[in-house]
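The values are calculated or read from the model by the stated rules, or taken from the named source; none is laboratory data. All values reported here derive from a predicted model rather than from experimental measurement. Reconstructed Cβ throughout: ideal geometry from the backbone, glycine too, with neighbour counts over all protein chains shown.
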Amino acid sequence: MTDWLEVRRGEAPLIVSFPHTGIEIPPELEPRLVSPWLARKDADWWIDRLYDFAADLGATTVRTRMSRTVIDVNRDPSGASLYPGQATTELCPTTTFDGEPLYRPGGEPDRAEIEARRATWFDPYHDALSAEVERSRAIHGKVVLYEAHSIRSVIPRLFEGDLPNFNIGDNSGASCDPALTAAVAATCGATAFSHVVDGRFKGGWTTRRYGQPELGVHAIQMELACRGYMDDPPGALTPENWPAPFSETRAAPMRAALVNVLKACLAFAQS
């Protein structure tokens with residue numbers, strides 16, 4: 001553990017990655033931003049708290065506290081788009097999901113700064129994640145890497161309509177055994193929440209980079225629509241209404257479903 005990177009080691013063949021829950025921004029960067037609130041707007045709010053049961057299942061968790069505005073550890077470091085032809089954000093985002101500029105004019109990071117941020121935060125995050133994947137695989141032979149995400153339910157720039165509650169991504173079947181995807185989908189299907197497999201979100205760079213089912217590493221992404229566990233305002237967001245506070249009552253049904261999802265991942269890894 002460092003001042004920005006958290007690794008909590010468990011002994012089960014399950015690793016839960018939290019790449020977008022961080023909200024820390026270096027003080028020297030803030031004057032270049034339009035606003036600190038805007039820079040934190042697209043965080044995966046409260047996800048690490050929603051999955052706080054993961055350690056009780058023996059899972060290893062890896063989390064960065066740095067905001068995705070500083071650097072997005074779930075983007076291709078080469079700069080290649082994960083969704084060609086569709087709106088998305090960069091390795092060092094310059095806009096929000098809604099297309100709002102994050103930086104004041106002239107404040108955007110140049111190539112040298114992007115490379116420096118990569119060396120400072122991106123590479124160490126993936127060094128830690130890679131080490132945990134290899135450690136678990138060496139012990140168990142088979143391991144599930146579960147990417148935990150969330151996003152607002154309605155973002156017209158990114159997708160049409162309301163996003164399903166559970167968005168399961170396995171890179172069109174390439175990042176894990178179909179049996180794992182089927183088990184997670186069946187678990188979601190047994191709840192009152194909606195779900196889809198490989199819809200708008202098929203898995204980010206981490207899912208695509210680490211998923212090597214032929215070598216025993218099965219990576220799967222879960223993108224939750226925020227409304228399943230927190231208030232998700234339908235209109236314009238402001239510092240007064242976003243992020244909505246975490247509510248244990250609101251989150252309880254979603255957490256119960258996610259407990260069963262991670263148990264399904266474990267059952268697959270141990271089979």
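Here are some notes:
- Number of positions in the range 1-28 that are among the aliphatic types (A, V, I, L, M) and in contact with an Asp or Glu (Cβ under 9 Å, 6 or more places away or on another chain): 3
- In this structure, Ser150 qualifies as surrounded by 14 or more Cβ atoms within 10 Å (Cβ to Cβ) and either farther than 26 Å from Gly22 by Cα or out of contact with any His (no Cβ under 6 Å at 6 or more places or on another chain) (or both).
- Per the listing Phe97, Phe18, Phe53, the residue uniquely over 19 Å from Leu145 (Cβ atoms) and among the aromatic types (Phe, Trp, Tyr) is Phe97.
- Residue in the range 191-205 that is in contact with a Cys (Cβ under 7 Å, 6 or more places away or on another chain) and without any contact (Cβ under 8 Å) to a residue 60 or more places away in the chain present: yes
- Residue in the range 154-173 that is out of contact with any Asp or Glu (no Cβ under 7 Å at 6 or more places or on another chain), surrounded by fewer than 20 Cβ atoms within 10 Å (Cβ to Cβ), at negative phi and among the small types (Gly, Ala, Ser) present: no
- Of the residues examined, Leu102 is not one that is surrounded by 16 or more Cβ atoms within 10 Å (Cβ to Cβ) and free of Cβ contacts under 8 Å to residues at least 40 places away in the same chain.
- Beta carbons closer than 9 Å, at least 6 apart along the sequence or on distinct chains, pair a first residue in the range 232-243 that is without any contact (Cβ under 8 Å) to a residue 40 or more places away in the chain and farther than 16 Å from Asp162 by Cβ with a second that is surrounded by 12 or more Cβ atoms within 10 Å (Cβ to Cβ) and not polar (S, T, N, Q) for Thr238/Trp37; Asn241/Asp231; Asn241/Pro233.
- Scope the range 43-59; condition small (Gly, Ala, Ser) and surrounded by fewer than 17 Cβ atoms within 10 Å (Cβ to Cβ); matching residues: Ala55, Gly58
- In the condition set (1) outside any strand (DSSP E or B); (2) crowded, with 19+ Cβ neighbours inside 10 Å, Met222 is compliant with all but (1).
- Among residues of the range 132-144 that are farther than 11 Å from Ala219 by Cα, those with a Cβ under 8 angstrom from a residue that is at pLDDT 95 or above and among the hydroxyl-bearing types (Ser, Thr, Tyr), sequence gap 6+ or separate chain, pair up as Glu132/Thr60; Ser136/Thr60.
- Single residue of the range 221-248 satisfying the filter (out of contact with any Asp or Glu (no Cβ under 9 Å at 6 or more places or on another chain) and of a type in the set (Asp, Glu)) that is farthest from Ser35 (Cα to Cα): Glu248
- Qualifying residue in the range 64-78 (condition: surrounded by fewer than 15 Cβ atoms within 10 Å (Cβ to Cβ) and among the acidic types (Asp, Glu)): no
- Residue satisfying all of: in the range 11-36; part of a loop (DSSP other than H, G, I, E, B) and among the charged types (D, E, K, R); surrounded by the most Cβ atoms within 10 Å (Cβ to Cβ) among these: Glu11
- Candidates are the residues of the range 19-44 that are within 19 Å of the chain's Cα centre (by Cα) and of a type in the set (Lys, Arg); the one that is nearest to Asp98 (Cα to Cα) is Lys41.
- When the range 179-196 is limited to residues that are buried (at least 18 other Cβ atoms within 10 Å of the Cβ) and among the aliphatic types (A, V, I, L, M), the one that is nearest to Val143 (Cα to Cα) turns out to be Leu180.
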